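Q: First the structure, which I've put down as structure tokens, then a few questions once you've had a look.
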Amino acid sequence: MTASAERPPAGRLAKAVADLFPGYFALVMATGIVSIAGHLLGWPRFARALFWVNLPAYSTLVALTAARLVLFPRRLVADFADHARGSGYFTTVAGTCVLGSQCLLVAGWRGAAEALFGAGLALWAVVMYAFFAAVIVRETKPTLEQGINGAWLIATVATQSVAVLALGLGDPFGWPAEAVAFGALVFFLVGCMLYLAIITLIFYRFTFLPLATAALTPPYWISMGAVAITTLAGSSLVLARQRSPLLLELAPFLKGFTLFFWAAGTWWIPLLVVLGVWRHIVRRHPLDYDPQYWGMVFPLGMYAAATSRLAEALPLAPLAAISRIFLPVAIVAWSAALLGLLRSLLLKRRFT
């Protein structure tokens, strides 16, 4: 029996569960990183307010996902082998770890952060290998034009989010700090590998294949967000170098490699803005709410947080000014996405 052969959902809530977008945890990612950026840049009350928004958002999405697993398991499993939707499951990993970092930095809840780290690590192993195994062994595959999109880069985001939270905790569950630092280094390098492999396909898709406005979805901003979180992870490794002789020895490499990824992320920003103008102003594509817009908010907040950490790791004080410019931009984008979500929910309630 296929996913389509499952008992059809009856009622609005059941339909919402059945059709739940796999990448909806990007809402948690976006809210969490904007909060963390606010904390790093001296906005503690704002950071804490978003923390209290993120807790029920995460809990609700966990409950909906669990309900989908129980009530509509074939739909959930089928999404893993879907080139367009399956990569969205990486947001569950990144959202869990970003919330863990938020618990640690903003709320000071180390126990909750450790629990989320354990959950994030387990989810990383499941989602990483389930998704790539499913799309590799799938017999009927889409073309590159149909199958690849910016959401694939959330594989990098998920991997780096594990590294960042591990370094923030230092010695989760009492594990040796040096071993944790080595594990974080391995995750950082795997994340780099995934980015370089996937972005090559995306850049090829951008430049050599037709690009319709409908296909230029907000997750393409993850092209920048993935290198921004890679910058954050690299900066965190540099700042943690005293914990491990290996990190101390690799510090010059880590500084240069991290700066490389920050430069790549900075390069993406003007191009993505131009493409957005082309999509919505030149081609007049409607600007309607889509859960994928949270995948656009996250990179803006992450760029602010990562640039702030990089300024500390190099150290290079002028970079801190750049992070202060991007935080208000991220807040405006987050507010717009939230208003779009609320409006969408109100309209659904009115017409159902």
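Q: Looking at (1) touching a Cys at 6+ places or on another chain (Cβ under 7 Å); (2) surrounded by fewer than 19 Cβ atoms within 10 Å (Cβ to Cβ), can you tell me which one Val135 breaks?
A: (1)
Q: How about the stretch 2-111: which helices (runs of 4 or more DSSP H) wholly inside it have at least 2 residues that are modelled with pLDDT of 90 or more?
A: Values: elements: 12-18, 26-40, 44-71, 73-80, 90-102.
Answer list for the stretch 2-111: 26-40, 44-71, 73-80, 90-102.
Q: While we're here: When only residues in the stretch 267-279 that are touching a residue at least 24 places away in the same chain (Cβ under 8 Å) and within 23 Å of Ser308 (Cβ to Cβ) count, which is surrounded by the most Cβ atoms within 10 Å (Cβ to Cβ)?
A: Trp268
Q: OK, next. Looking only at the stretch 62-95, which residues are among the β-branched types (Val, Ile, Thr) and either closer than 22 Å to Gly32 by Cβ or buried (at least 20 other Cβ atoms within 10 Å of the Cβ) (or both)? Show your work before the answer.
A: From the stretch 62-95, those among the β-branched types (Val, Ile, Thr) are 62, 65, 70, 77, 91-93; that's our starting set.
Listed by number, the residues that qualify are Val62, Thr65, Thr91, Thr92, Val93.
Q: Name the pairs: first residue in the stretch 190-207 and surrounded by 13 or more Cβ atoms within 10 Å (Cβ to Cβ), second residue hydroxyl-bearing (Ser, Thr, Tyr) and modelled with pLDDT of 95 or more, Cβ to Cβ under 6 Å, at least 6 apart or on different chains?
A: Between residues of the stretch 190-207 that are surrounded by 13 or more Cβ atoms within 10 Å (Cβ to Cβ) and residues that are hydroxyl-bearing (Ser, Thr, Tyr) and modelled with pLDDT of 95 or more, the close pairs are Val190/Thr159; Gly191/Thr156; Gly191/Thr159; Gly191/Thr230; Leu194/Thr156; Tyr195/Thr156.
Q: Another question, then. Residue check, Asn149 against (1) more than 30 Å from Ala107 (Cβ to Cβ); (2) over 15 Å from the mean Cα position of the chain (by Cα); (3) not hydrophobic (A, V, I, L, M, F, W, C), all met but one. Which one?
A: (2)
Q: How many of the residues making up the stretch 301-319 are within 23 Å of Val273 (Cβ to Cβ) and in contact (Cβ under 8 Å) with a residue 60 or more places away in the chain?
A: So the count comes out to 9.
Q: If the Cβ limit is 7 Å and pairs must be 6+ apart or interchain, which residue in the stretch 336-350 that is farther than 9 Å from Tyr289 by Cβ and polar (S, T, N, Q) pairs with which residue that is surrounded by 11 or more Cβ atoms within 10 Å (Cβ to Cβ) and modelled with pLDDT of 75 or more?
A: As it stands, the answer is none, since no pair meets every condition given.
Q: On to the next question. Suppose we filter the stretch 160-175 for residues that are more than 16 Å from Cys103 (Cβ to Cβ), crowded, with 24+ Cβ neighbours inside 10 Å and hydrophobic (A, V, I, L, M, F, W, C); how many remain?
A: Of the residues in the stretch 160-175, 1 are more than 16 Å from Cys103 (Cβ to Cβ), crowded, with 24+ Cβ neighbours inside 10 Å and hydrophobic (A, V, I, L, M, F, W, C).
Q: Just give me the residues in the stretch 156-179 being among the aliphatic types (A, V, I, L, M) and in contact (Cβ under 8 Å) with a residue 60 or more places away in the chain, in sequence order. Let's see the steps before the verdict.
A: Step one: list which residues in the stretch 156-179 are among the aliphatic types (A, V, I, L, M), which gives 157-158, 162-167, 169, 177, 179.
Those that are among the aliphatic types (A, V, I, L, M) and in contact (Cβ under 8 Å) with a residue 60 or more places away in the chain: Val157, Ala158, Val162, Ala163, Val164, Leu165, Leu167, Leu169, Ala177.
Q: I would also like to ask the following. Restricting attention to the stretch 160-193, report how many residues are outside any helix (DSSP H, G or I), of a type outside the set (D, E, K, R) and more than 18 Å from Ala125 (Cβ to Cβ).
A: 2
The values are calculated or read from the model by the stated rules, or taken from the named source; none is laboratory data. For clarity, every value in this text was computed on a predicted model and none was experimentally measured. Methodologically, a virtual Cβ is constructed for each residue, glycine included, from the backbone with ideal geometry; neighbour enumeration extends over all protein chains shown.
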